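One structure is given below, encoded as structure tokens.
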Amino acid sequence: QVQLVESGGGLVQAGDSLRLSCAASRRASSIVAMAWFRQAPGKEREFVVALTMTDGDTWYSDSVKGRFTISRDAAKNMVYLHMNTLKPEDTAVYFCAAKFTWRTGWTRPNDYGYWGQGTQVTVSS
């Protein structure tokens, strides 16, 4: 079974940058799409960005568009979330997700079958 492990979270100041990493336990070529979601205390899990592994299509939430960038390193079987100009509103646990089917969508938690444990990002004002 595929396992996903996030890392790179931490405490930063507003305006700072941070890079999150997600390591997958099997070949990235087996994965249809990877995504990042986030969940703040007391809130539902929120879509951040998705990336298809085949053609590189991306979907960004309006709240992070222009500030966050998703990328992957196939040789290392890693996916990254580059976060720039961080805001206090970005504070949340960030989760990496993956799916192996084209039969689901791209922006809902239920679209993805595999999840990491999450990494905390805290942005102070």
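The values are calculated or read from the model by the stated rules, or taken from the named source; none is laboratory data. The structure presented is a predicted model; accordingly, all values stated were derived computationally and were not measured. As a convention, Cβ positions derive from the backbone with ideal geometry for all residues, glycine included, and neighbour counts pool all protein chains shown. Just the protein is used for accessible areas: all its heavy atoms, side chains included, with ligands, DNA and RNA removed. Shrake-Rupley method; radii C 1.70, N 1.55, O 1.52, S 1.80 Å.
Exactly one residue out of Leu18, Leu11 is in contact (Cβ under 8 Å) with a residue 60 or more places away in the chain, over 12 Å from the mean Cα position of the chain (by Cα), open to solvent by 70 Å² or more (accessible area, probe 1.4 Å) and over 20 Å from Pro109 (Cβ atoms): that is Leu11. Restricting the first member to the stretch 27-50 and to residues that are farther than 16 Å from Gly113 by Cβ and open to solvent by 10 Å² or more (accessible area, probe 1.4 Å), and the second to residues that are modelled with pLDDT of 95 or more and part of a loop (DSSP other than H, G, I, E, B), the beta-carbon pairs closer than 7 Å and six or more apart or on different chains are Gln39/Arg45; Ala40/Thr91.
Which ones in the stretch 54-78 are hydrophobic (A, V, I, L, M, F, W, C) and either touching a Ser or Thr at 6+ places or on another chain (Cβ under 7 Å) or open to solvent by 20 Å² or more (accessible area, probe 1.4 Å) (or both)? Quick ask: steps written out before the conclusion?
Our first condition is that a residue be hydrophobic (A, V, I, L, M, F, W, C); within the stretch 54-78, this holds for 59, 64, 68, 70, 74-75, 78.
Hits for the stretch 54-78 are Trp59, Ile70, Ala74, Ala75, Met78.
Residues considered: Trp106, Trp59. Of these, the only one that is in a loop (DSSP other than H, G, I, E, B) and aromatic (Phe, Trp, Tyr) is Trp106. All conditions in (1) closer than 17 Å to Gln3 by Cα; (2) in contact with a helix residue (DSSP H, G or I) (Cβ under 9 Å, 6 or more places away or on another chain); (3) among the β-branched types (Val, Ile, Thr); (4) in contact (Cβ under 8 Å) with a residue 60 or more places away in the chain hold for Val79, with the sole exception of (4). Scanning the stretch 84-94 for residues that are open to solvent by less than 60 Å² (accessible area, probe 1.4 Å) and in contact with a Lys or Arg (Cβ under 7 Å, 6 or more places away or on another chain), we see that the one that is farthest from Met34 (Cα to Cα) is Ala92.
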